[in-house]
Ligand SMILES: *Cc1c(COP(=O)(O)O)cnc(C)c1O
C-alpha cells in the first residue's frame, strides 16, 4: 500500500512539474511519518524513500532508535521548544521551523562538530494566524533575522517554510504561495544564498509546485490518515 501511494505521489509531482515547466529533480518529496510506526517508515524506505519528517522529538527519537541501519535524511517540522533544541541539533539533518534568533543560536551551539551543518528554514506565518508559529511575512523582519542567523556556525540557512491556513479554493492557495515566493525573492535579492521553499502538503501539492516549491511535505497521501 505504502509503495503504491508513494508511486502515485511521485507521479503527481512529476505531472505538476511537467505542467509548470519544471524539472522533477527540483522538488524533494519529504515523507511526513508522524503518528506512524517505524515499520511504515521501513516500508517507504524499501520503496526508495529517503527523506522523512517528524513533528515530535520524543516520538522521532523512539523511531530513529529502531531504524539505525537505514540511511535516512531526517527533517524536523514540528514547533521547536527551546528545551528540545539539543536533540534536534544532534538527531536531524534539517529543521524547517526556526522562527527566532534564540532557537537558531541554540541549534548552532548544540550542533555536534562532527556532523555537517544543520540545514534550516525559517518558518513564515504566512497567513498571520494567531494559532501558528513563525515570523510574520514582513521583508524587513525576515532580512534582519536572516542576517543574524547567517553569522552563526554549524547551521545553514536554506530557505523558507510555511503552513498556510486551509483554503477553500486553489486561487487563494496560489496567492498564499506567491507571497512566499515574493519573500524568497526578497531574500535572494538581499544577497542570501537560499535554495529551498518548503511548502505543499497532501492537499495542495500541485499548487505548491506550480508556485515554485522545492520541498513538499506529504503525510496522509503516503501513509494514510493518522490516528
Ligand atoms: C503533518 C504535517 C504535514 C503533512 O500533512 P498531510 O496533510 O498529512 O500531508 C506537513 N507539514 C507539516 C508541518 C505537518 O505538521
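Can you give me the relative contact order of segment 73-145 as a percent, contacts being Cα pairs under 8 Å and 6 or more apart? If you can, show how the numbers build up before the last one.
Details: 107 pairs, mean separation 20.3, N = 73.
For segment 73-145, the relative contact order is 28 percent.
With a ≥ b ≥ c taken as the square roots of the eigenvalues of the C-alpha gyration tensor of the chain, please select rounded if a/c is under 1.5 and otherwise prolate if a/b is larger than b/c or oblate if it is not?
Note, shape of the chain comes out oblate.
Only bridges whose two residues both fall in the chain count here: according to DSSP, what percent of them are antiparallel, nearest 5?
Of those bridges, close to 0 percent are antiparallel.
How would you classify segment 27-158 from its alpha-carbon gyration tensor, with a ≥ b ≥ c the square roots of the eigenvalues: rounded for a/c under 1.5, else prolate if a/b is greater than b/c, otherwise oblate?
Prolate, since a/c reaches 1.5 and a/b exceeds b/c.
So for 33, 202, 8, fewest C-beta neighbours within 10 Å to most, what's the order?
8, 202, 33
For segment 49-113, take the convex hull of the Cα atoms, compute a quarter of its surface area, and give me that in nm², please. Before the final figure, lay out each step's value.
Details: hull surface 17.3 nm².
Taking the Cα atoms of segment 49-113, their convex hull projects to 4.3 nm² on average.
Using only DSSP helix segments of four residues or longer, with each worth -39500 (n - 2.57), what per-residue ellipticity at 222 nm results for the chain after dividing by its residue count and rounding to 500?
The helix-only estimate for the chain comes to -12500 deg cm²/dmol at 222 nm.
What percent does the relative contact order of segment 90-227 come to when contacts are Cα pairs within less than 8 Å and at least six residues apart?
RCO, segment 90-227: 21 percent.
Springs between alpha-carbon pairs under 10 angstrom, Gaussian network model over the chain: which of 213, 198, 24 fluctuates most?
Judging by the Gaussian network model, the answer is 24.
Indicate the gyration tensor shape class of segment 15-84 (rounded, prolate or oblate), computed on the Cα atoms with a ≥ b ≥ c the square roots of the eigenvalues: a/c under 1.5 is rounded; otherwise a/b larger than b/c is prolate and the rest oblate.
Oblate, since a/c reaches 1.5 and b/c is not below a/b.
All of the numbers you see were taken from the coordinates with simple rules; none came from a lab. Owing to the predicted nature of the structure, the values given are computational and were not obtained by experimental measurement. Cβ sites come from the backbone with ideal geometry, for glycine too, and all protein chains shown count toward neighbours.
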